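Contents: one structure, followed by commentary.
Every read-out reported here was derived from the displayed coordinates using simple, explicitly stated rules and does not represent laboratory data. Everything numeric here is computed off the predicted structure, so don't read it as measured data. Here the Cβ positions follow ideal geometry from the backbone for every residue, glycine too, while neighbour counts run over all protein chains shown.
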Amino acid sequence: MTNESLVWQVRAFVYAHFADTTHPPSVEETAKHFNISVEKAGALYKELHSRHAFFLEPETLTIRMANPFSGIPTDFRVHANSKTYYANCAWDMLGIPAALASRSDAVIEAICTDSNDVVRLDIRDGKVSNSDLLVHFPLPFARWYDDLVFT
């Protein structure tokens, strides 16, 4: 198996782990899954981080984001398949139902930053039921990686 092939297999494993468990695998879990050293798994995590395939907590090997999934609780909760996932932002909260197997129906609860009100969206058959809502992105996409956590 080439290193390039392993990079993408690790990425697929991370996403499948998020979908199955709602949280990212540790570098140790990834190493065990692929029967590689923790050091090798860590190097692969760093490579995927550098390619923007996912985002590590600074100075660690802990996955903070594998878009659309968040490794930490956020104001964007997605309830699907009897599980609760966290999204990184309003854009990602719509991506989680699409990323799950068979494009899952979902209930999304997000806290509006302007009012602190809870906004609820229902996703059924790939469509948002209350589509009169708008999402505002304060930065253009080209600047999201300037400070990904803030964005």
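How do K32, K40 rank when sorted from fewest to most other Cβ atoms within 10 Å of their own Cβ?
Ascending Cβ contact count within 10 Å gives the list K32, K40.
Using the structure shown, list the pairs from K32/K127; K83/K127; K32/K83 with a Cα-Cα distance above 31 Å, or answer none.
Those over the limit are K32/K127.
For Cα extents along the principal axes in Å, which listed value, [x] 56, 29, 25; [y] 49, 33, 21; [z] 67, 39, 25, comes from the coordinates shown?
[y]
Net charge within 14 Å of V27 by Cβ-Cβ distance, Lys/Arg positive one each and Asp/Glu negative one each, not counting V27 itself?
In short, -1.
For the chain, what's the relative contact order in percent, using C-alpha pairs closer than 8 Å and at least 6 residues apart?
Relative contact order of the chain: 13 percent.
Using a Gaussian network model of the chain whose springs link C-alpha atoms within less than 10 Å, name the residue from H79, H33, H23 with the highest mean-square fluctuation.
In the Gaussian network model the winner is H33.
Can you work out ³J(HN,Hα) from phi for every residue in region 3-10, in order, using Karplus 6.51 cos²θ - 1.76 cosθ + 1.60 and θ = phi - 60°, giving whole Hz and x for Gly and Pro?
Per-residue couplings from phi come out as 4, 4, 5, 5, 3, 6, 5, 5 Hz.
Using the Karplus curve 6.51 cos²θ - 1.76 cosθ + 1.60 with θ = phi - 60°, what ³J(HN,Hα) values do you get for each residue of region 116-123, in whole Hz, with x for Gly and Pro?
6, 6, 8, 9, 10, 10, 10, 10
Residue by residue, what Karplus-based ³J(HN,Hα) values in Hz, rounded to whole numbers, does region 29-45 have, using 6.51, -1.76 and 1.60 with θ = phi - 60° and x for Gly and Pro?
After applying 6.51 cos²θ - 1.76 cosθ + 1.60, I find 5, 5, 4, 4, 4, 9, 6, 10, 6, 4, 4, 5, 4, x, 5, 5, 4 Hz.
If amide hydrogens are placed 1.01 Å from N in the peptide plane, which non-local residues have theirs closer than 5 Å to the one on S26?
none
Dipole magnitude of region 3-64 about its Cα centre, charges +1 at Lys/Arg Cβ and -1 at Asp/Glu Cβ only, in debye to the nearest 20?
Result for region 3-64 is approximately 120 debye, rounded to the nearest 20.
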